[in-house]
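A quick write-up on the structure given underneath.
The values are calculated or read from the model by the stated rules, or taken from the named source; none is laboratory data. Everything numeric in this text was worked out from a predicted model, so none of it was measured. Here the Cβ positions follow ideal geometry from the backbone for every residue, glycine too, while neighbour counts run over all protein chains shown. In case anyone asks, the SASA skips ligands and DNA or RNA and just uses the protein heavy atoms, side chains included. Shrake-Rupley method; radii C 1.70, N 1.55, O 1.52, S 1.80 Å.
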Amino acid sequence: MEKPLQRNYVKATDKETGSPRHSSNWIFAKRAYFEVYSDRIEIGSWIIPYNEIQDIVLFKTKQMLFSAHILQIKTTEKNYQVGFNPWVNPIEHIPLEIRQEEVRMKYSYFSIATRLILATYLLLKFLEQF
(Lines give C-alpha, C1' and ligand atoms only; values in the text may rest on other atoms or scores of the structure.)
Protein backbone atom coordinates (compact mmCIF):
# COMPACT_ATOMS: atom_id res chain seq x y z
CA MET A 1 0.00 0.00 0.00
CA GLU A 2 1.43 3.34 -1.07
CA LYS A 3 2.01 5.96 1.61
CA PRO A 4 0.86 9.50 0.81
CA LEU A 5 3.56 12.08 0.07
CA GLN A 6 1.49 14.64 1.96
CA ARG A 7 -1.51 14.35 4.27
CA ASN A 8 -3.47 17.24 5.80
CA TYR A 9 -6.91 17.59 7.34
CA VAL A 10 -8.97 20.04 5.24
CA LYS A 11 -12.38 21.41 4.37
CA ALA A 12 -13.35 20.79 0.75
CA THR A 13 -16.34 21.48 -1.46
CA ASP A 14 -17.36 20.60 -4.98
CA LYS A 15 -20.07 23.29 -4.99
CA GLU A 16 -17.86 26.38 -5.55
CA THR A 17 -16.16 27.67 -8.69
CA GLY A 18 -14.00 30.68 -9.44
CA SER A 19 -12.44 33.02 -6.94
CA PRO A 20 -12.93 31.91 -3.30
CA ARG A 21 -15.78 33.41 -1.31
CA HIS A 22 -17.57 33.11 2.00
CA SER A 23 -20.69 31.03 1.36
CA SER A 24 -23.00 28.45 2.89
CA ASN A 25 -21.23 25.79 0.82
CA TRP A 26 -18.30 26.02 3.23
CA ILE A 27 -20.59 25.43 6.22
CA PHE A 28 -21.57 22.05 4.76
CA ALA A 29 -18.15 21.32 3.22
CA LYS A 30 -16.55 17.90 3.51
CA ARG A 31 -14.04 17.51 6.34
CA ALA A 32 -11.48 14.95 5.28
CA TYR A 33 -7.83 14.17 4.71
CA PHE A 34 -6.18 15.68 1.64
CA GLU A 35 -3.66 13.10 0.49
CA VAL A 36 -1.13 13.52 -2.31
CA TYR A 37 0.13 10.38 -4.06
CA SER A 38 2.47 9.92 -7.02
CA ASP A 39 -0.45 9.56 -9.47
CA ARG A 40 -3.47 11.15 -7.77
CA ILE A 41 -4.95 13.37 -5.08
CA GLU A 42 -7.47 11.95 -2.63
CA ILE A 43 -9.84 14.06 -0.55
CA GLY A 44 -11.78 11.63 1.58
CA SER A 45 -13.77 9.52 -0.91
CA TRP A 46 -12.93 11.80 -3.86
CA ILE A 47 -10.13 10.39 -5.98
CA ILE A 48 -8.65 12.78 -8.56
CA PRO A 49 -6.07 11.25 -10.94
CA TYR A 50 -3.51 13.77 -12.22
CA ASN A 51 -4.36 12.97 -15.84
CA GLU A 52 -7.96 14.19 -15.28
CA ILE A 53 -6.90 17.60 -13.90
CA GLN A 54 -7.40 20.38 -16.45
CA ASP A 55 -6.40 23.31 -14.25
CA ILE A 56 -5.10 23.76 -10.73
CA VAL A 57 -4.82 27.11 -8.94
CA LEU A 58 -3.66 28.07 -5.46
CA PHE A 59 -5.54 31.13 -4.23
CA LYS A 60 -3.82 33.07 -1.46
CA THR A 61 -5.99 35.42 0.58
CA LYS A 62 -6.41 36.95 4.03
CA GLN A 63 -9.09 35.94 6.46
CA MET A 64 -9.11 38.39 9.33
CA LEU A 65 -5.52 38.28 10.67
CA PHE A 66 -4.51 35.00 9.05
CA SER A 67 -3.49 34.07 5.56
CA ALA A 68 -5.54 31.37 3.87
CA HIS A 69 -4.74 28.98 1.04
CA ILE A 70 -7.49 27.58 -1.15
CA LEU A 71 -6.58 25.08 -3.82
CA GLN A 72 -8.96 24.85 -6.77
CA ILE A 73 -8.79 21.69 -8.84
CA LYS A 74 -10.73 21.62 -12.10
CA THR A 75 -11.31 18.29 -13.81
CA THR A 76 -13.36 17.36 -16.85
CA GLU A 77 -16.34 16.56 -14.63
CA LYS A 78 -16.08 18.63 -11.44
CA ASN A 79 -14.52 21.59 -9.72
CA TYR A 80 -13.11 21.18 -6.22
CA GLN A 81 -12.00 23.84 -3.74
CA VAL A 82 -9.91 22.80 -0.75
CA GLY A 83 -9.20 25.07 2.24
CA PHE A 84 -5.94 24.61 4.16
CA ASN A 85 -4.70 25.82 7.53
CA PRO A 86 -2.36 28.85 7.25
CA TRP A 87 0.80 26.92 8.18
CA VAL A 88 0.35 24.24 5.48
CA ASN A 89 2.05 24.35 2.08
CA PRO A 90 -0.61 22.56 0.00
CA ILE A 91 1.38 22.35 -3.24
CA GLU A 92 4.68 21.04 -1.90
CA HIS A 93 4.36 17.50 -3.30
CA ILE A 94 1.95 17.92 -6.23
CA PRO A 95 3.91 17.22 -9.44
CA LEU A 96 1.87 19.58 -11.64
CA GLU A 97 2.30 23.17 -12.73
CA ILE A 98 0.18 25.17 -10.29
CA ARG A 99 -0.79 28.77 -10.89
CA GLN A 100 -0.82 31.02 -7.83
CA GLU A 101 -3.10 34.04 -7.45
CA GLU A 102 -3.41 36.62 -4.67
CA VAL A 103 -7.13 37.43 -4.27
CA ARG A 104 -9.54 39.12 -1.90
CA MET A 105 -12.17 36.89 -0.37
CA LYS A 106 -15.63 37.54 -1.81
CA TYR A 107 -19.00 37.19 -0.07
CA SER A 108 -22.12 35.33 -1.19
CA TYR A 109 -25.58 36.84 -0.64
CA PHE A 110 -26.12 34.29 2.13
CA SER A 111 -22.91 35.39 3.85
CA ILE A 112 -23.82 39.08 3.62
CA ALA A 113 -27.35 38.45 4.94
CA THR A 114 -26.00 36.39 7.85
CA ARG A 115 -23.56 39.14 8.82
CA LEU A 116 -26.29 41.82 8.62
CA ILE A 117 -28.66 39.78 10.78
CA LEU A 118 -25.92 39.14 13.35
CA ALA A 119 -24.87 42.82 13.41
CA THR A 120 -28.50 43.93 13.82
CA TYR A 121 -29.05 41.44 16.64
CA LEU A 122 -25.90 42.58 18.46
CA LEU A 123 -26.84 46.26 18.01
CA LEU A 124 -30.32 45.62 19.45
CA LYS A 125 -28.86 43.73 22.42
CA PHE A 126 -26.44 46.60 23.00
CA LEU A 127 -29.23 49.22 22.82
CA GLU A 128 -31.36 47.22 25.30
CA GLN A 129 -28.72 47.97 27.95
CA PHE A 130 -29.59 51.71 27.89
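Summary of computed values
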{"read-out": "For the chain, convex hull of alpha carbons as volume per residue, Å³", "value": "125"}
{"read-out": "Förster radius 35 Å - calculated FRET efficiency between GLU77 and ILE112 (Cβ-Cβ, nearest 0.05)", "value": "0.70"}
{"read-out": "Carbon and sulfur %, accessible surface of the chain computed with the full protein complex present, 1.4 Å", "value": "57"}
{"read-out": "Other-chain or far-sequence residues with amide H under 5 Å of THR75's (modelled H)", "value": "GLN54, TYR80"}
{"read-out": "Rel. contact order, % - alpha carbon contacts under 8 angstrom, at least six apart, segment 40-86", "value": "28"}
{"read-out": "Stretch gain in nm, segment MET1-ARG99, where the contour uses 0.36 nm per residue and the Cα spacing is subtracted", "value": "32.2 nm"}
{"read-out": "For ARG40, residues with placed amide H under 5 Å, excluding near neighbours", "value": "TYR50"}
{"read-out": "Segment 45-120: C-alpha gyration tensor shape, a/c 1.5 cut-off, then a/b vs b/c", "value": "prolate"}
{"read-out": "Heavy-atom accessible area ranking, 1.4 Å probe, most first, across PHE59, PHE130", "value": "PHE130, PHE59"}
{"read-out": "Computed magnitude of the charge dipole of segment 1-47 (debye, nearest 20; Cβ of K, R +1, Cβ of D, E -1)", "value": "220"}
{"read-out": "Entries of LYS62/LYS125; LYS11/LYS60; LYS15/LYS74 with Cα pairs more than 18 Å apart", "value": "LYS62/LYS125"}
{"read-out": "Three principal axis lengths of segment 27-67 [C-alpha, angstrom, descending]", "value": "36, 22, 16"}
{"read-out": "Protein-only accessible surface order, largest first, of MET105, MET1 at 1.4 Å", "value": "MET1, MET105"}
{"read-out": "Mean separation of Cα contacts under 8 Å (6+ apart) over length of the chain, as relative contact order %", "value": "27"}
{"read-out": "Among SER23, PRO90, THR76 the positive-end extreme of the charge dipole of segment 20-93 (Cβ point charges)", "value": "SER23"}
{"read-out": "Estimated [θ] at 222 nm from DSSP helical runs (n ≥ 4, -39500 (n - 2.57)) normalised by residues in the chain, nearest 500", "value": "-5500 deg cm²/dmol"}
{"read-out": "Dipole in debye (nearest 20) - the chain, about Cα centre, beta carbon charges: Lys, Arg +1; Asp, Glu -1", "value": "560"}
{"read-out": "Accessible area (Å², per residue) of the chain, counting only protein heavy atoms and a probe of 1.4 Å", "value": "67"}
